[in-house]
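Everything on this sheet refers to the single structure shown next.
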Amino acid sequence: MFLFEPVYRPQPPVLAGDSIYLRPPLLADYRAWSTLREMSRAFLEPWEPLWGDNALSRGSFRGRISRVVREWNGDLGYSFHIFATGRDNLPRDTLLGGVNLNNVRRLSAQSCNLGYWMGEPYAGLGLMRAALELLLPFAFATPDDDRPGLGLHRIDAACIPGNDRSRRLLRRCGFHEIGLAPSYLKINGTWRDHICHQLLAEDFARFGTPENSSVTRWHG
């Protein structure tokens, strides 16, 4: 646990677009995070693992931050909160949701699993697509590119067949459906089938970095 804000190593990049920006979670996010998750609970629960009794407690959040920092510093996962830049009638620094690159696998795999959530008040506004348009270039960038990145080759994503909004999002970001995985994840207390998707670095190359986004190193 932390007495002060955690230290992420390597330093996180600044991932910023017109309407949103991404940064790793901080302890100072707790109040905004718990408020948004609570007001969005009925909206999110059908698509997430079962929430525990203390899911929104400060102690649970601190434990989550501890895990996120260990994974980041160990090159095992990269988690970000999504914030408003102050455009589109959303006050600057409003917490909107989260997006994660989980289970990073190196050596011959160079892959990870994508996860994300959006608060109910901000769903359907194109903000998660904007977040992925910032995150994916960072995930695929290699040392040969003139920007920081993880050098991954493949990103996997999975969603419940009835989650049409998520399936559209993945398709619009270049992911391809590759099959159905029976009883793949335990969601809201029940083992659920999932449609598996993947995005390869060579396929993503057709999309590139959006002109209205910036990816730079963080020095503060």
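The values are calculated or read from the model by the stated rules, or taken from the named source; none is laboratory data. Worth saying up front: this structure is predicted, and the values here are computed from it rather than measured. Reconstructed Cβ throughout: ideal geometry from the backbone, glycine too, with neighbour counts over all protein chains shown.
Candidates in the range 163-177 are the residues that are in a loop (DSSP other than H, G, I, E, B) and in contact with a helix residue (DSSP H, G or I) (Cβ under 8 Å, 6 or more places away or on another chain); of these, the one that is surrounded by the most Cβ atoms within 10 Å (Cβ to Cβ) is 173.
The sole residue among 114, 90, 95 that is closer than 24 Å to residue 204 by Cα, of a type outside the set (D, E, K, R) and either modelled with pLDDT of 95 or more or surrounded by 14 or more Cβ atoms within 10 Å (Cβ to Cβ) (or both) is 114.
Restricted to strands (runs of 3 or more DSSP E) entirely inside the range 89-162, those with at least 2 residues that are among the polar types (S, T, N, Q) are 95-105, 111-118. Among the residues of the range 182-193, those identified as assigned to a strand (DSSP E or B) and closer than 26 Å to residue 53 by Cα are 183, 184, 185, 186, 187, 190, 191, 192, 193. Residues being small (Gly, Ala, Ser), within 19 Å of residue 197 (Cα to Cα) and without any contact (Cβ under 8 Å) to a residue 12 or more places away in the chain: count how many of those fall in the range 74-133. Here the count works out to 0.
For the range 178-188, filtered to residues that are surrounded by 14 or more Cβ atoms within 10 Å (Cβ to Cβ) and under 14 Å from residue 156 (Cβ atoms), the residue that is farthest from the chain's Cα centre (by Cα) is 184. Scanning the range 112-131 for residues that are touching a helix residue (DSSP H, G or I) at 6+ places or on another chain (Cβ under 9 Å) and more than 16 Å from residue 40 (Cβ to Cβ) yields 112, 114, 129. Here the range 189-206 is the region considered, the condition is being closer than 17 Å to residue 135 by Cβ and small (Gly, Ala, Ser), and the residue that is farthest from the chain's Cα centre (by Cα) is 205.
The single condition among (1) modelled with pLDDT of 95 or more; (2) in a loop (DSSP other than H, G, I, E, B) that residue 53 does not meet is (1).
Okay, residues lined up against (1) crowded, with 16+ Cβ neighbours inside 10 Å; (2) among the hydrophobic types (A, V, I, L, M, F, W, C); (3) at pLDDT below 95:
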{"position": "108", "(1), (2), (3)": "no, no, no"}
{"position": "119", "(1), (2), (3)": "yes, no, no"}
{"position": "130", "(1), (2), (3)": "yes, yes, no"}
{"position": "134", "(1), (2), (3)": "yes, yes, no"}
{"position": "147", "(1), (2), (3)": "no, no, yes"}
{"position": "160", "(1), (2), (3)": "yes, yes, no"}
{"position": "190", "(1), (2), (3)": "no, no, no"}
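Of the residues making up the range 1-48, just one is exposed (fewer than 15 other Cβ atoms within 10 Å of the Cβ) and hydroxyl-bearing (Ser, Thr, Tyr), namely 35. Restricting attention to the range 1-59, the residues being under 19 Å from the mean Cα position of the chain (by Cα) and small (Gly, Ala, Ser) number 8.
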